[in-house]
1. Under the condition of being of a type in the set (D, E, K, R) and in contact (Cβ under 8 Å) with a residue 60 or more places away in the chain, which residue from the stretch 220-259 is surrounded by the fewest Cβ atoms within 10 Å (Cβ to Cβ)?
2. Consider VAL201 against the criteria (1) among the aliphatic types (A, V, I, L, M); (2) at pLDDT below 90; (3) within 19 Å of VAL231 (Cβ to Cβ): it satisfies all of them except one. Which criterion is unmet?
3. So the check is Cβ under 9 Å with 6+ separation or different chains; which pairs have a first residue in the stretch 202-219 that's over 11 Å from LEU47 (Cα atoms) and in the same structural domain as GLY153 (by TED's automatic domain parsing) and a second one that's part of a loop (DSSP other than H, G, I, E, B) and charged (D, E, K, R)?
4. Return the residues of the stretch 128-164 that are out of contact with any helix residue (DSSP H, G or I) (no Cβ under 6 Å at 6 or more places or on another chain) and among the β-branched types (Val, Ile, Thr); say none if nothing qualifies.
5. Go through the stretch 300-357 residue by residue and tally those that are assigned to a strand (DSSP E or B) and touching a residue at least 40 places away in the same chain (Cβ under 8 Å).
6. What are the pairs with Cβ atoms under 7 angstrom where one residue, in the stretch 20-32, is more than 22 Å from HIS205 (Cα to Cα) and the other, located anywhere, is loosely packed, with under 14 Cβ neighbours inside 10 Å and among the aliphatic types (A, V, I, L, M)? Sequence gap at least six, or different chains.
7. Can you confirm whether the stretch 257-264 contains a residue that is part of a loop (DSSP other than H, G, I, E, B) and either modelled with pLDDT under 95 or at negative phi (or both)?
8. With VAL269, VAL310 as the choices, which residue is surrounded by 19 or more Cβ atoms within 10 Å (Cβ to Cβ), closer than 22 Å to LEU108 by Cβ and assigned by TED's automatic domain parsing to the domain that holds ALA146?
Amino acid sequence: MDGRLATISSEARQLLRKGGFSSTSEALRLAPTALAKELGIALPETLKLIAELRGEGDGTADLKGTRKAPPIIRNAFEMREETNGEIARAVTTLCKPLDKILNGGIPLKQLTEVCGAPGAGKTQLCIQVSVCASIPKDVGGVGGGALYLDTEGSFSPQRASDMAEALASHLEQQYQQLRGEKEESSIPPPTRDEILQNIHVCRAHDYGEQLAFVQCLPMFLRQHPNIRLVVIDSVAHHFRHDFVDMSQRTKLLSRHAHALNAAAHDFNVAVLVTNHMTTRSDQGLVPALGEHWYHGITNRIILTKSDDIVEWVHPRKVFPPMSVPLRRAEIVKAASLQNDSAEFVVVTIGMRSHRGARHQPSSSSSGSVSAAAPSTTAEETLKRLRMVDPST
């Protein structure tokens with residue numbers, strides 16, 4: 001047995017010996033579901049054990065969303081002064097229409113959910129914001145990194161590289177302007193490779209690994225204090241397919257939301273998760289995971305892709321004109337934002353404003369229908385998707 005066993009409880013030592021493990025590191029190499037099977041215990045107990053083996057106590061605090069220490073009480077004046085002193089309160093999306101309705105980007109210290117049908121742009125937004133987390137503070141960014149949990153295998157390193165290269169080029173131009181205004185030399189902007197190195201990607205193959213990721217999140221954030229963004233894409237995938245007992249799912253999702261909110265607040269990070277859409281007989285197309293999950297999130301944004309096609313032209317003509325679908329983001333729930341919407345496009349360099357783009361007739365529309373007609377369908381879709389309060 002290794003020396004780490006001396007620091008864990010006698011119950012944990014006995015459990016590991018009974019399972020045939022000779023060291024804590026050997027047990028930690030297994031996925032949570034595999035370890036639960038080896039030890040013959042339930043997954044929640046396994047997650048507690050993993051937290052203890054990693055040096056986080058008995059794991060009950062993170063799993064149940066409670067703290068052993070009493071909560072810190074501050075007055076409203078102190079909280080306001082702390083907020084006013086922050087240079088950046090959000091991670092920018094680098095898409096002006098989105099940043100405008102989001103008051104700067106994905107807000108720090110809050111849990112923001114983005115939902116939409118397949119192809120609406122959820123993963124594109126997640127990758128874009130992960131790249132933008134590296135924008136230095138002296139040009140309005142948060143100057144940190146991103147932690148990205150990929151539950152569906154949809155994270156694209158090449159897509160991240162394309163966006164990072166575009167961002168590096170954009171930052172170089174900004175820094176050249178700063179050098180012209182200031183004689184003193186400044187720190188060079190991050191390169192494409194440095195931006196990519198700031199994005200830490202983890203793959204979760206089942207809901208057990210997803211729960212373990214969130215439970216170990218405080219430890220990772222303490223070890224990597226530069227992390228300013230946590231992404232889960234998507235939060236719904238494993239919870240929609242791996243459960244038969246819906247009451248257990250509801251409890252785990254409530255703890256999930258509580259743990260993510262606690263991490264966002266305690267470590268001053270923005271938490272961004274994606275969610276699927278599902279069809280209900282009484283409401284039509286709505287976000288998945290139900291009302292309990294809805295009440296646990298701070299902000300909800302719904303993305304839709306229109307049938308309206310626009311021609312996007314790069315401002316500096318670096319890329320040839322592109323014919324792309326017009327997309328829309330609408331805020332339907334927010335703690336400190338107004339319900340609003342914005343239109344944008346997804347192109348080679350990422351998510352950008354649709355301004356300057358020329359509308360083209362949709363290929364799916366007939367000659368008797370005007371080019372603007374399909375956008376009416378998008379409006380109707382958004383009305384069906386609005387879910388300000390699912391209990392009504």
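The values are calculated or read from the model by the stated rules, or taken from the named source; none is laboratory data. Bear in mind that the values here come from a model prediction, so they are computed numbers and not experimental data. Here the Cβ is made from the backbone with ideal geometry for all residues, glycine too, and neighbour counts use every protein chain on show.
1. ARG255
2. Of (1) among the aliphatic types (A, V, I, L, M); (2) at pLDDT below 90; (3) within 19 Å of VAL231 (Cβ to Cβ), only one is false for VAL201: (2).
3. Once the first residue is over 11 Å from LEU47 (Cα atoms) and in the same structural domain as GLY153 (by TED's automatic domain parsing) and sits in the stretch 202-219, its partners that are part of a loop (DSSP other than H, G, I, E, B) and charged (D, E, K, R) give ASP206/ASP242; TYR207/ASP242; PRO218/GLU56; MET219/ARG54; MET219/GLU56.
4. Those that are out of contact with any helix residue (DSSP H, G or I) (no Cβ under 6 Å at 6 or more places or on another chain) and among the β-branched types (Val, Ile, Thr): VAL129, ILE135, VAL142.
5. Of all residues in the stretch 300-357, those assigned to a strand (DSSP E or B) come to 300-312, 322-333, 341-347, 350-353.
From what's left, touching a residue at least 40 places away in the same chain (Cβ under 8 Å): 300-312, 326-333, 341-344, 346, 350-353.
Residues that pass the stated criteria total 30.
6. Within 7 Å, the pairs are SER22/MET1; SER23/MET1.
7. No, every residue in the stretch 257-264 fails to be part of a loop (DSSP other than H, G, I, E, B) and either modelled with pLDDT under 95 or at negative phi (or both).
8. VAL269
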